[in-house]
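These notes concern the structure reproduced below.
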Amino acid sequence: IVGAPNAGKSTLLAALSNAKPKIAAYPFTTLVPNLGVCDSLGYKSIVFADVPGLLEGAHTGVGLGQEFLRHCERCKVLVQVIDGDSPDPLGDFHAIRTELELFSESLSTKPFIVAINKIDIPEVLTKTEELQTYLVEAGIELHTISAVANHSLL
């Protein structure tokens, strides 16, 4: 699970699995990767890894990103969580994709889905229309969710 700080990655991990990550309403709550096992998606089990929020420049060592981007290379699929209440959700999407691409070719070609989070906030669906249109036109699998309200997760 990758994304910008405060996108709701740890909240999503807690909602999907047995994990109990630290969750708070300020950036950089997650300082180490968290793992959680999910048994309710129709598979035997899936292990989700929540990595600390990525900043521009993470591929060069800015923030904690470079250390944890290596963990993402071992994942089969990435879930990119977008904060739907962000001032620029489309920009956040591109910033994270750019960091993954600049870090390694294997991350840039890894399968991924996008989860626009915080749809429990009334204006989020309208605020993310540009991003949703972009993703649909690009053929990228998109889910609109609320991790905190446990909405549209399974």
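For this structure, a couple of remarks:
- Verdict on A115 being open to solvent by less than 40 Å² (accessible area, probe 1.4 Å), closer than 20 Å to C72 by Cα, part of a strand (DSSP E or B) and not β-branched (V, I, T): yes
- Here E129 meets each of (1) under 20 Å from L16 (Cα atoms); (2) modelled with pLDDT of 85 or more; (3) open to solvent by 50 Å² or more (accessible area, probe 1.4 Å) with one exception, condition (1).
- Segment 105-127, subset touching a residue at least 40 places away in the same chain (Cβ under 8 Å) and touching an Asp or Glu at 6+ places or on another chain (Cβ under 9 Å), residue farthest from V81 (Cα to Cα): K127
- Residue that is modelled with the highest pLDDT, among those in segment 2-26 that are out of contact with any helix residue (DSSP H, G or I) (no Cβ under 9 Å at 6 or more places or on another chain), open to solvent by 70 Å² or more (accessible area, probe 1.4 Å) and within 26 Å of P87 (Cβ to Cβ): A25
The values are calculated or read from the model by the stated rules, or taken from the named source; none is laboratory data. Because the structure is predicted, anything quoted here is derived from the model rather than measured. For neighbour counting, all protein chains shown are included, and Cβ atoms are generated from backbone atoms with ideal geometry for every residue, glycine included. Note: accessible area is taken over every heavy atom of the protein model, side chains too, but ligands, DNA and RNA are not part of it. Shrake-Rupley method; radii C 1.70, N 1.55, O 1.52, S 1.80 Å.
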